[in-house]
1. Provide a single number: the residues in region 139-176 that are in contact with a Cys (Cβ under 9 Å, 6 or more places away or on another chain) and farther than 24 Å from THR200 by Cα.
2. Hey, can you tell me all the residues within region 127-159 that are among the hydroxyl-bearing types (Ser, Thr, Tyr) and either under 24 Å from ASP32 (Cα atoms) or modelled with pLDDT under 95 (or both)?
3. Confirm whether ASP164 is farther than 15 Å from CYS67 by Cα and open to solvent by 30 Å² or more (accessible area, probe 1.4 Å).
4. Here is a check on your reading of the model: is PHE44 within 15 Å of ligand 2 (Cβ to nearest atom) and either touching a Lys or Arg at 6+ places or on another chain (Cβ under 8 Å) or at pLDDT 95 or above (or both)?
5. Just checking, which of THR193, THR189, THR200, THR173 is β-branched (Val, Ile, Thr) and open to solvent by less than 10 Å² (accessible area, probe 1.4 Å)?
6. In this structure, does ASP98 turn out to be acidic (Asp, Glu), away from ligand 1 (no atom under 16 Å from the Cβ) and farther than 18 Å from ASN179 by Cβ?
7. Would you call HIS152 of a type outside the set (Val, Ile, Thr), buried (at least 16 other Cβ atoms within 10 Å of the Cβ) and touching a His at 6+ places or on another chain (Cβ under 9 Å)?
8. Output the residue which, of all residues in region 1-50 that are outside any loop (DSSP other than H, G, I, E, B) and among the aliphatic types (A, V, I, L, M), is surrounded by the most Cβ atoms within 10 Å (Cβ to Cβ).
Amino acid sequence: KPVAWGYEGDIGPCNWHKYFPKAGGKRQSPIDIDTSATQYDGSFKPLRIHYDSHMCSSLTNNGHTFCMSVNSDQCNLSGGPLEDKYRLLQFHCHWGSDDTKGSEHTVDGHQYAAELHLVHWNTDKFKSADEAIEKNQGIAVLTAFIKAGKEHRGWNHVLSHFKDIKKVQGTSTVNEDFNPKCLLPENQTDYWTYEGSLTTPPCHESVRFIIFKEVVEVSSEQLAQFRSLCVCSSRKRDTGEDEHLVDNFRPIQPLNGRVVKASFQ
Ligand SMILES: NS(=O)(=O)c1c2ccccc2cc2ccccc12
Ligand SMILES: [Zn+2]
């Protein structure tokens, strides 16, 4: 029987290690990026992000975030700090109950309104994503910070399906011409990178994070739409209100001597 976990109370992040022992490991995510301690690495090759936009994908509310799963073998990532080729599996976000919080990673202690994770698995070393998710170098997550500002047209292709996935386990098929690359910042050469973990149980220490320095803007109204998702299909607050999915970010974890590399000086 799968163990329930969440972001508050007894099943919250402070207790994850009791049922998911890796959550207490030495290379956990997220972390604070102390920009005075990052190390420039001039050996990185250019990041190669090749996504096609003819992939059919499906959007699900899994009770912890919305997840756009992609099933195209044409969406690949390589280069930068990566030794192998990785294939896009899904993307999702973490966000807050207001625009002052929501990201998982922080930069010099600053938390952004949301954080986008594009999850890729190592197709050179492993036969399936389920295998890769547990193995060192198995996963690469492209990460972009999001702040409240001007409207982001690309995000509307995703947000327009949210009414179909308001309830948990709701799914919606997305087969319009959408390329997730439009969700990334313009500057894709300046990023930080380090070795960490899934930020949700079972917290496997299999993830290479690549975190863009440039922050993406979406409007406050678009951020409010993230918060329209519900956490569960039935449970209502005593006020009869739906319980909305917000503050789905893990607190920052100890660096334990890890060095965050920078692709820029
Ligand atoms: N936040 S996360 O990117 O660690 C993450 C995953 C990372 C790698 C593989 C699968 C993942 C599935 C997630 C599902 C929900 C939230 C974060 C998730
Ligand atoms: Zn994530």
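1. 7
2. Taking region 127-159 as the starting set, the residues that turn out to be among the hydroxyl-bearing types (Ser, Thr, Tyr) are 128, 143.
Selection gives THR143 alone.
3. Numbers: farther than 15 Å from CYS67 by Cα: no; open to solvent by 30 Å² or more (accessible area, probe 1.4 Å): yes.
No: the conditions fail for ASP164.
4. On the way: within 15 Å of ligand 2 (Cβ to nearest atom): no; either touching a Lys or Arg at 6+ places or on another chain (Cβ under 8 Å) or at pLDDT 95 or above (or both): yes.
Spelling it out, it is not the case that PHE44 is within 15 Å of ligand 2 (Cβ to nearest atom) and either touching a Lys or Arg at 6+ places or on another chain (Cβ under 8 Å) or at pLDDT 95 or above (or both).
5. On the way: THR189 fails: open to solvent by less than 10 Å² (accessible area, probe 1.4 Å); THR200 fails: open to solvent by less than 10 Å² (accessible area, probe 1.4 Å); THR173 fails: open to solvent by less than 10 Å² (accessible area, probe 1.4 Å).
Exactly one of THR193, THR189, THR200, THR173 is β-branched (Val, Ile, Thr) and open to solvent by less than 10 Å² (accessible area, probe 1.4 Å), namely THR193.
6. Details: acidic (Asp, Glu): yes; away from ligand 1 (no atom under 16 Å from the Cβ): yes; farther than 18 Å from ASN179 by Cβ: yes.
Answer is yes for this residue.
7. no
8. Here is the first cut: in region 1-50, the ones outside any loop (DSSP other than H, G, I, E, B) are 9-11, 13-19, 21-24, 32-33, 39-40, 45-50.
Retained after the next criterion (residues that are among the aliphatic types (A, V, I, L, M)): 11, 23, 33, 47, 49.
Working: ILE11: 16, ALA23: 24, ILE33: 22, LEU47: 19, ILE49: 20.
For region 1-50, the residue satisfying everything is ALA23.
The values are calculated or read from the model by the stated rules, or taken from the named source; none is laboratory data. This structure is a prediction, so every number in the text was calculated from the model and none was measured. Positions of Cβ are backbone-derived with ideal geometry, glycine not excepted, and every protein chain shown enters the neighbour counts. Remember, those area values only see protein heavy atoms, side chains included, never the ligands or the DNA or RNA. Shrake-Rupley method; radii C 1.70, N 1.55, O 1.52, S 1.80 Å.
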